[in-house]
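See structure below.
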Amino acid sequence: MPPGLLAFGRWQLEGEQGRAWIQALPEHVEALLARWDLAPDGEAMHGYNGMVLPVRRGQERCALKVSWPPETAACREALALEIWEGRGAVRLLETSPAEGALLLERANSRTLLRDLALSAAVPVAGTLLRRLAVPAPAGPRRLSEVAAEIRDGLVDRWERLGRPFPLGLADQVRDLAGGLSLRTGSLLVNHDLHYDNVLAADREPWLAIDPKVYAGDPEYQVAQLLWTRLDEMDGRADLFFHFHALVDAAELDPDVARAWTVVRCIDYWLWGLGAGFTEDPLRCEAMVDVFTPEG
């Protein structure tokens, strides 16, 4: 068991159910190894929601992923991976939703897209964003609903957090979110596509892992791909350059991408303030300043 997961993980927020899950996890993993004829092939890794164990099935290199909450997380991830069928993302080999378990094609966890220089990483990310934007099935939440929720809650959040930006900006963002709430895009959008969730691989140069999906416009994801590496950009002109590089590589509508970038930055700015973050709200503020019409 990864010591880090035992010390800090989502299961700790879930009371008795979470404690029961983490205590039973070694037994669940052993059962999955036997059921799928797997042999451990390296040290287990972990995130906040679960663990990943490198394994082999014969000569096939795989990764066994077990997540909390069981079923919900596994079903959502499996849905997207089944639709993509290995096109731009790791392949799904087996699934056991009741145990939150997925058997996945193994990529190279030591080589991340983040390791590439930004000028090289952005076109890769944009190309993957477009490839993964296939027609969405029934089930994923619609981005129009996300936009409406941001619009309707924005002023209350702004008041509660001490009015961190001018009211005129809040009104402007509410208008943008209102417009986005009327859009009818129906593509699958991986809203956790970022540079740490794209790994080098053998079958393709780069593959996405750990998807979380909405249905709507892929322009939604531009903001995160910018703010996660904003510190590597040299001012306004460089930010604009990488914005347009993403838009071009992903074949996006620049006006929709700009609107979602402003709305997501404001949403994340407020969330970060509420969570006690210091650096992320400053990044969002800098991006809003560039991408609003007055910026």
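The values are calculated or read from the model by the stated rules, or taken from the named source; none is laboratory data. Worth saying up front: this structure is predicted, and the values here are computed from it rather than measured. Neighbour counts are summed over all protein chains in view; Cβ atoms, including those assigned to glycine, are modelled from backbone coordinates with ideal geometry.
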Query raised in the report: Here are Ala63, Ala39, Ala89, Ala125: which of them is within 16 Å of the chain's Cα centre (by Cα) and either more than 30 Å from Ala250 (Cα to Cα) or not assigned by TED's automatic domain parsing to the domain that holds Ala201 (or both)?
Result: Ala89
Report task. Considering only the stretch 240-259, state which residues are of a type in the set (Phe, Trp, Tyr) and closer than 12 Å to Asp217 by Cα. Result -> none
Requested in this report: Quickly run through the stretch 108-135 and pick out the residues that are out of contact with any Phe, Trp or Tyr (no Cβ under 8 Å at 6 or more places or on another chain), under 20 Å from His191 (Cβ atoms) and assigned to a loop (DSSP other than H, G, I, E, B).
Outcome: Ala133
